[in-house]
Each structure stands twice: as C-alpha cells, then as structure tokens.
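Undergrad: This structure is in structure tokens; I'll ask about it shortly.
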Amino acid sequence: MSRYLVGMFVREKKNKSGSISVQIIDKSSGSYRVAKTVGSSCDPEEIAYLRKKAYTIIPTLIGQSSIDFWSDSTKEFVGNLKRVKTSQVHVDGPEKVFGKIFNDIGFGEIEQDLFRHLVITRLIAPGSKLKTVDYLERYKGISTDISKVYRFMDTLHRSLKERVEQIAFDYTKSVLGGNISVVFYDITTLYFEASEEDDFRIAGFSKDGKPQNPQILLGLLVGPNGYPIGYELFEGNKYEGHTLIPVLEHFQQRFDLSRPIIIADAGLLSTQNIEDLRSRQYEFILGARIKNESDEIKDKILSLSLSDGDFTVIKMPDDLRLIVSYSEKRAHRDLKNRERGLKRLEKNLNKGKLNKSHINNRGYNKYLRLEGDISIEIDYEKFNSDSKWDGLKGYLTNTQLSAKDIIDNYNQLWLIEKAFRISKTDLKIRPIYHRIATRIEAHICIAFVSYTIYKEVERRLAEKNVPLSPARVAELTKTMYTIKIKIPETDQWETIPFEWTDEQELVGRIL
C-alpha cells in the first residue's frame, strides 16, 4: 500500500531476509527512483512508525514549506499565534505516557484525581508538595491548594494503602506468569533533617550514616526482577531483624501466597528468625555471616582452595546447608573496602578523635585495640589476618535447590537494593518534608505507586529492546506539549498537540 504526495509516495518492500523496508519513491521524472530508505524492520509496529516518519520527510525532499508565510490566511494565523498566552501551553506527555500506564496497571480504579497527579508528578518532577503544587499550576494548568494536598494526605494512607498493594500484587503476579515462588525482603532507613524525635521518627542504627538524625525504617517485599508486592513502615529504633516475620505473615495472609522461598541478606540473619521461619514452614536463602560461625566451621571454610567462581557445600545442624563461594572480583572489592576503612581509622587516630568508646566490633572499629591504660592503636596484625576472608561469601538455606540455583537466586537481591536506590534518587523519596505520621505514610504510599509504574516502564522498554531508561522517558515527556487555541470561525477552543521528536514518537509508540 502507498499514498501519493506531489510526485512521491511511500512503499513497503519485502526483503529476502523477511524484513520490510520502508522507502520514499520519486516518480516525478516518469521513472521510479528510491529517493530515501527510511528504515527496515520485521515488527509491524515499527513498520507503521517508519511509514509515519516517511510522510514527515517527504516535504523536506520536495523543498516545500508547510506554511506559506506570505499568504493573507497565513498572516492571520501568525497574528493569532502572537496572541497566545503561555498559560495556553501545557505539558501533556506525562499524562499520555505515565497516565496510561497508571491505568493499565489498575491504579485508575482509584478515582482520586489528586492522588493520580501526585503519583505522576513524582515520576517527572519529584520534590516537596509545595513544588508539586507549583508544577501542576505552571505546566499542567491544574490549580490546587497546598492545604488541600495536606488534608488529602492526612486521610490517604490507611484508606488507600491496602488497595494500592492489592493492585501492585495483582500486577506483579500477572507479569510473573501468575506464580510468585520467590520473594525478596530488605529494609532501609529514611532519615529526617529535623532533630526532634517523636513516637515514629526515632534515632537508631542508620544505614545512611546519620545516627544523630531521627529516622523511620522502610521494609520492602518484592518478587523476581524487583517487581513490587508491598511495604511496611516501622519506628526508627526497631531492630531490623524483628521486621521480617511480621511482614511475611501479613502479606502471606493477605495474598494467600503459597509459602514462597524467602531471600534476605545477612542483616536479617538471626537464630530467632531462622527458628520462626522453620516453624512456619518457610524455605529460605539468607546471607550468612561466615566469620561468626563456630571455630570448626570457620576452619573448614578457610581450608578450602576455591578458584574464581567455585563454590562448595558444608552441612550444618538441623538439615541446614552453608554454601560458600569465591569470587576474585569480590576479593578485590573486599580488600579495597578494608583499606578504605583502615585509612579512615588512621586519619581519625591522628586527629585524636578516637577513644575507648570506639573499641567495638562495629565496622572497621574491630581493628582498634587499647594499649596499656590510655593508648589506642590500630591492630595491623588483625587487619592483615582478615585478608584470608577476602572474596568468600556464604549462603544459609533449608531448601533443596542446587548450590548454583541458591547463589543465582540470592544474587537477585541486588534488585531490591536497586529499588531503594531508585526510590532515593530518581523518585527522591527523601528528604521527607513531613513530620506528621499520616503524611509520612501517605508520602511513602505515593512513592510506592510511582515505583510500580517505573518498573512497568522499564519492563516495556526492555521487552521492545529500546535503549532508553525510565529516567530518560520522564525527561522526554516533559517536553511533549499541547497548545489551546480559540478558532475565530467557530469561536470554539481546540487543543492542538505539538509534533513529537523521533525519540518521543518511539516512547509514545512503545508505552
């Protein structure tokens, strides 16, 4: 099929490879000549896109401008354009792209326009709620009041959290083919700039290196590839090991999960957690603290001669297995981290910043020792002795999976770390500008929905092998404009979209 335009038309030519080439053909001289090959593909959607692109190229090939600026009608048109106000130009890309995915996942069932705006704005212009209100007014033409936003957030969390999690769970289940056999759990800290504490924001062990700041704990449960299932918030001083079982029990009962394999890092490894998981008939793969094992087990580990990529299995009491692997890349990283910690200790020691209270097993403080009654020095012998552990990693499990499958499954745990990184960077989940618990909870709920949409954007881009990131997509949508113009003949307002760039066209077609 083809369409003629001033001596030129678009043709689809089938190639020997089975692909289709989209070409612009010039017949103005009486013979047919390929003026330009726009591209080729086997994908029907890509072919349709190439055809559309071809029609936009033809005017440049025939040397015609789309507007004759010297005609009376054009002068009138230009005059009308000069009277257009900036308030008539709006950004519609975020709604067209992220709004559609918001609906596709199922969040459109939540008939709260403000909720929708807060979620989409966090994807493309994350910031304080005051900045969100300003963005909606300036770029979307949506006028709202900050007090209305705060009133909404005061009632949002408890009324919508369960619906949000149910929608996210149904989405994740469908993406994973209807079965969630493995789940990943991890916890992070979110600190507040304010110094005062309350019953929720409390100083505790900080993963952000801010022990002096009040914080909360965010526990996140995801499926394979980091697809979201749910989250829970805890007081800032709660021990992270005590969060695992309540979260698992809550979501297992809510979603009737068929006892999936639990994967978590060593921070959640405790005798009590292992007993609780076993008593509840959960299978698990946990990061092991191999340096804390019994002397007998440590001797076995250190007697191993593992090459890069090798692993071995050590039988443990109560039908547990300890898989130990070795990686040269990890060994290099372990050495670098130890050297960095040592340099920090030496610097603080030279500045006189270390005292008796620093002699503990926290981090690299384990290399400190007390010489006599008052002198603190670094135990270099202990530092050098630790090199024998470089590159070794342990995994504790009660599953019947092969050692390789156990390692492969555990290695997906970085995806939940990526989820936290996305939330803290791309979605800017902090700084948190709220101090009231209900608003903090609502803020996290909004970020959770934004993360779910982020993951679906990422999935669709990967499915079509499009080399764009969700962050780049967000940038492209911010320059997808429409203009609202009043037509003189009809006295009616009409919204006209600006033409998209090739990259924006690709985003619109894929998403």
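The values are calculated or read from the model by the stated rules, or taken from the named source; none is laboratory data. Bear in mind that the values here come from a model prediction, so they are computed numbers and not experimental data. FYI the Cβ positions are ideal-geometry reconstructions off the backbone, even for glycines, and counts take in every protein chain you see. The area values use the complete protein model at the heavy-atom level, side chains included, leaving out ligands, DNA and RNA. Shrake-Rupley method; radii C 1.70, N 1.55, O 1.52, S 1.80 Å.
Undergrad: Can you name the residue in the stretch 465-484 that is hydrophobic (A, V, I, L, M, F, W, C) and touching a Lys or Arg at 6+ places or on another chain (Cβ under 9 Å) and, of all such residues, is surrounded by the fewest Cβ atoms within 10 Å (Cβ to Cβ)?
TA: Residue satisfying both the conditions and the ranking: VAL466.
Residue by residue, here is whether (1) over 19 Å from the mean Cα position of the chain (by Cα); (2) not β-branched (Val, Ile, Thr) holds:
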| site | (1), (2) |
| --- | --- |
| PHE102 | no, yes |
| ASP134 | yes, yes |
| VAL149 | yes, no |
| THR155 | yes, no |
| GLU162 | yes, yes |
| ASN179 | yes, yes |
| PRO214 | yes, yes |
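Undergrad: So which residues in the stretch 317-336 are under 20 Å from LEU269 (Cβ atoms) and either without any contact (Cβ under 8 Å) to a residue 12 or more places away in the chain or among the charged types (D, E, K, R) (or both), if there are any at all?
TA: PRO317, ASP318, ASP319, ARG321, ARG330, ASP334
Undergrad: Sticking with this structure for a sec: Just checking: which of the helices (runs of 4 or more DSSP H) contained wholly in the stretch 238-321 hold 2 or more residues that are over 32 Å from the mean Cα position of the chain (by Cα) and either among the aromatic types (Phe, Trp, Tyr) or more than 30 Å from TYR191 (Cα to Cα) (or both)?
TA: Ranges flagged: 271-279, 295-302.
Undergrad: Among the numbered conditions (1) touching a residue at least 40 places away in the same chain (Cβ under 8 Å); (2) open to solvent by less than 30 Å² (accessible area, probe 1.4 Å); (3) more than 30 Å from ARG151 (Cα to Cα); (4) outside any helix (DSSP H, G or I), tell me where LYS393 comes up short.
TA: Checking LYS393 against (1) touching a residue at least 40 places away in the same chain (Cβ under 8 Å); (2) open to solvent by less than 30 Å² (accessible area, probe 1.4 Å); (3) more than 30 Å from ARG151 (Cα to Cα); (4) outside any helix (DSSP H, G or I), the one that fails is (2).
Undergrad: Now, a different point. Condition first: touching a residue at least 24 places away in the same chain (Cβ under 8 Å), surrounded by 15 or more Cβ atoms within 10 Å (Cβ to Cβ) and either within 13 Å of GLU377 (Cβ to Cβ) or out of contact with any Phe, Trp or Tyr (no Cβ under 9 Å at 6 or more places or on another chain) (or both). Now tell me which residues in the stretch 340-355 satisfy that.
TA: Correct list: LEU342, LEU345, LEU349.
Undergrad: Name every residue in the stretch 218-237 that is assigned to a helix (DSSP H, G or I) and open to solvent by less than 20 Å² (accessible area, probe 1.4 Å), in order of residue number.
TA: The answer is GLY226, and nothing else.
Undergrad: Tell me which of these LEU370 doesn't satisfy, since it passes every other one: (1) within 30 Å of GLY230 (Cβ to Cβ); (2) in a strand (DSSP E or B).
TA: (1)
Listed here are the residues, each with its yes/no results for (1) touching a Pro at 6+ places or on another chain (Cβ under 7 Å); (2) free of Cβ contacts under 8 Å to residues at least 24 places away in the same chain; (3) under 19 Å from LEU320 (Cα atoms); (4) not hydroxyl-bearing (Ser, Thr, Tyr).
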{"residue": "GLY241", "(1), (2), (3), (4)": "no, no, no, yes"}
{"residue": "ARG254", "(1), (2), (3), (4)": "no, no, no, yes"}
{"residue": "LEU286", "(1), (2), (3), (4)": "no, no, yes, yes"}
{"residue": "SER294", "(1), (2), (3), (4)": "no, yes, yes, no"}
{"residue": "ILE301", "(1), (2), (3), (4)": "no, no, yes, yes"}
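Undergrad: Related question: Given the conditions (1) under 30 Å from SER270 (Cβ atoms); (2) at pLDDT 95 or above, and given that LEU354 satisfies all but one, which numbered condition is not satisfied?
TA: LEU354 satisfies every listed condition except (2).
Undergrad: Going by the conditions given, is LEU413 surrounded by 13 or more Cβ atoms within 10 Å (Cβ to Cβ), more than 30 Å from LEU345 (Cα to Cα) and at pLDDT below 95? Walk me through how you get there before you give the answer.
TA: Details: surrounded by 13 or more Cβ atoms within 10 Å (Cβ to Cβ): yes; more than 30 Å from LEU345 (Cα to Cα): yes; at pLDDT below 95: yes.
So LEU413 passes the test.
Undergrad: Same structure, new question: Please count how many residues of the stretch 153-182 are part of a loop (DSSP other than H, G, I, E, B), open to solvent by less than 30 Å² (accessible area, probe 1.4 Å) and out of contact with any Leu (no Cβ under 7 Å at 6 or more places or on another chain).
TA: Qualifying residue count, the stretch 153-182: 0.
Undergrad: Is it the case, given these coordinates, that ALA437 is open to solvent by 20 Å² or more (accessible area, probe 1.4 Å), over 26 Å from HIS90 (Cα atoms) and modelled with pLDDT of 90 or more?
TA: no
Undergrad: Return the total of residues in the stretch 109-126 being under 21 Å from the mean Cα position of the chain (by Cα) and either at pLDDT 90 or above or open to solvent by less than 20 Å² (accessible area, probe 1.4 Å) (or both).
TA: Residues of the stretch 109-126 under 21 Å from the mean Cα position of the chain (by Cα): 115-126.
In the following step, the residues that additionally are either at pLDDT 90 or above or open to solvent by less than 20 Å² (accessible area, probe 1.4 Å) (or both) were identified as 115-124.
Of the residues in that region, 10 qualify.
Undergrad: What's the total number of residues in the stretch 92-141 that are among the β-branched types (Val, Ile, Thr) and in contact with a strand residue (DSSP E or B) (Cβ under 9 Å, 6 or more places away or on another chain)?
TA: Total satisfying the criteria: 1.
Undergrad: Picking from ALA462, ALA447, which residue would you name as being part of a helix (DSSP H, G or I) and either open to solvent by less than 70 Å² (accessible area, probe 1.4 Å) or under 30 Å from ASP310 (Cα atoms) (or both)?
TA: ALA447
Undergrad: For PRO431, work out the one condition from (1) at pLDDT 90 or above; (2) surrounded by fewer than 17 Cβ atoms within 10 Å (Cβ to Cβ); (3) assigned to a loop (DSSP other than H, G, I, E, B) it doesn't fulfil.
TA: (1)
Undergrad: So, SER325, is that one open to solvent by less than 40 Å² (accessible area, probe 1.4 Å) and over 24 Å from TYR239 (Cα atoms) or not?
TA: In short, yes.
Undergrad: Which residues, counting only those in the stretch 183-205, are polar (S, T, N, Q) and surrounded by fewer than 17 Cβ atoms within 10 Å (Cβ to Cβ)?
TA: The one that is polar (S, T, N, Q) and surrounded by fewer than 17 Cβ atoms within 10 Å (Cβ to Cβ): SER195.
Undergrad: A further question on this structure: Considering each of GLU475, GLU505, GLU456 in turn, give the residue that is in a helix (DSSP H, G or I), within 20 Å of TYR139 (Cα to Cα) and at pLDDT 85 or above.
TA: The conditions single out GLU475.
Undergrad: Test ARG333 against the criterion of being of a type in the set (D, E, K, R) and closer than 30 Å to ILE407 by Cβ, and give yes or no.
TA: Criteria met by ARG333.
Undergrad: List pairs: first in the stretch 493-511 and farther than 21 Å from ILE101 by Cα, second surrounded by fewer than 12 Cβ atoms within 10 Å (Cβ to Cβ) and among the aliphatic types (A, V, I, L, M), Cβ under 7 Å, 6+ apart or cross-chain?
TA: GLU494/ILE487
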